[in-house]
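The values are calculated or read from the model by the stated rules, or taken from the named source; none is laboratory data. The model shown is predicted, which means the values in this text are computed figures rather than measured ones. Here the Cβ positions follow ideal geometry from the backbone for every residue, glycine too, while neighbour counts run over all protein chains shown.
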Amino acid sequence: MRKCATPWRSIWWSRWTKSFASLSTARSPRCLRTLNSRRLPSLPSGRTPWPIDLRSASRGAREGSAAPESIEKPVAPHSGPRVRVDRLKIETAELGRSAHTSRDFARDGLPEIAFVGRSNVGKSSLMNRLLGRRGLARTSSTPGRTRAVNYFLVNRRFYFVDLPGYGYAKAGKEDRKEWAALVEAYLRHALERLHLVLLVDGKVGATPLDVQAYAYLTGLGARVTVAATKIDQVSKGRRRAALKTIQSTLGLEASAPLLPVSAHSGEGIKELWGVLAPYLEASAT
């Protein structure tokens with residue numbers, strides 16, 4: 001068996017993007033996770049869950065990324081007490097900024113928890129439930145409403161970040177280019193202080209784009225937690241099988257957490273905080 005060559009060479013991507021016609025070998029998500037990701041490699045064209053040509057799309061975002069780090073004066077983000085899940089209390093939560101280019105990214109060094117998934121998977125609803133703030137992150141029944149990297153400052157100590165969704169077929173080509181370039185630039189900018197929550201629709205299951213997203217994110221060396229949303233819409237008799245199918249489709253290790261959650265019923269919210277809080281606590285050291 002040949003070793004992994006790059007974190008993006010996966011048989012899945014050839015199904016959506018013409019640029020993968022020359023790829024003939026599969027790279028499983030499990031294989032991708034064995035890669036040494038100490039140095040973030042350059043991103044080839046089109047190999048993200050936002051399936052467009054990034055060589056031209058990312059030009060504008062990269063121009064913005066040249067902005068000096070002193071756009072914001074760094075602060076001492078971790079001077080307060082550590083964050084513990086049994087003591088975590090959301091005191092303040094507010095929209096800090098909406099980044100439409102990389103010039104707008106937060107540069108204050110605060111830890112970030114970013115939510116990513118297919119359009120209409122329930123990112124905004126889940127964030128509102130986690131923060132106990134109805135309507136903080138704008139929700140919509142229309143996919144593709146999130147078109148910027150939205151930062152929500154929590155307790156003035158960390159950010160929740162709402163990323164544009166992938167898989168919105170009705171979005172125009174130029175819109176998809178902009179979103180893909182923006183997400184790529186964001187991941188490069190925040191990777192060292194970032195914990196990603198990949199949301200998969202618990203009722204629909206893991207789609208090929210979800211598999212692609214998980215492989216891409218873990219290939220970057222990112223910290224990734226997978227949550228199955230809308231679990232209240234899955235009957236209790238089917239949940240175990242549904243979660244097992246998601247786990248096997250994504251290629252999750254047995255030890256990797258797959259958390260069933262519901263923004264509607266509140267199921268799994270405490271358990272998800274139980275995964276996120278230790279990351280925030282470690283970031284405070």
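Restricting to region 246-275, give me the number of residues that are small (Gly, Ala, Ser), part of a loop (DSSP other than H, G, I, E, B) and closer than 25 Å to PHE158 by Cβ.
So the answer is 5.
Considering region 208-245 alone, what residues qualify as being under 24 Å from ALA282 (Cα atoms), modelled with pLDDT of 95 or more and either part of a loop (DSSP other than H, G, I, E, B) or polar (S, T, N, Q) (or both)?
Hit for region 208-245 is THR225, nothing else.
Show the residue pairs meeting these rules: Cβ distance below 6 Å; 6+ apart or different chains; first residue within region 88-100 and in a loop (DSSP other than H, G, I, E, B); second residue at pLDDT below 90 and surrounded by 14 or more Cβ atoms within 10 Å (Cβ to Cβ).
If the second residue must be at pLDDT below 90 and surrounded by 14 or more Cβ atoms within 10 Å (Cβ to Cβ), the pairs left are HIS100/ALA148.
Condition first: free of Cβ contacts under 8 Å to residues at least 60 places away in the same chain, surrounded by fewer than 17 Cβ atoms within 10 Å (Cβ to Cβ) and of a type in the set (Ser, Thr, Tyr). Can you find one or more residues in region 263-278 that meet it?
yes
Return the residue satisfying two criteria in turn: it lies in region 168-207 and is assigned to a loop (DSSP other than H, G, I, E, B) and at pLDDT 90 or above, and of such residues it is surrounded by the fewest Cβ atoms within 10 Å (Cβ to Cβ). Full working, then the answer.
Quick first cut of region 168-207, residues assigned to a loop (DSSP other than H, G, I, E, B) only: 168-172, 202-207.
Okay, now just the ones that are also at pLDDT 90 or above, so 202-207.
Working: GLY202: 27, LYS203: 14, VAL204: 17, GLY205: 16, ALA206: 24, THR207: 17.
Looking at residues that are assigned to a loop (DSSP other than H, G, I, E, B) and at pLDDT 90 or above, I get LYS203.
Which condition breaks for PRO278 when tested against (1) assigned to a helix (DSSP H, G or I); (2) within 17 Å of the chain's Cα centre (by Cα)?
With respect to (1) assigned to a helix (DSSP H, G or I); (2) within 17 Å of the chain's Cα centre (by Cα), PRO278 is out only on (2).
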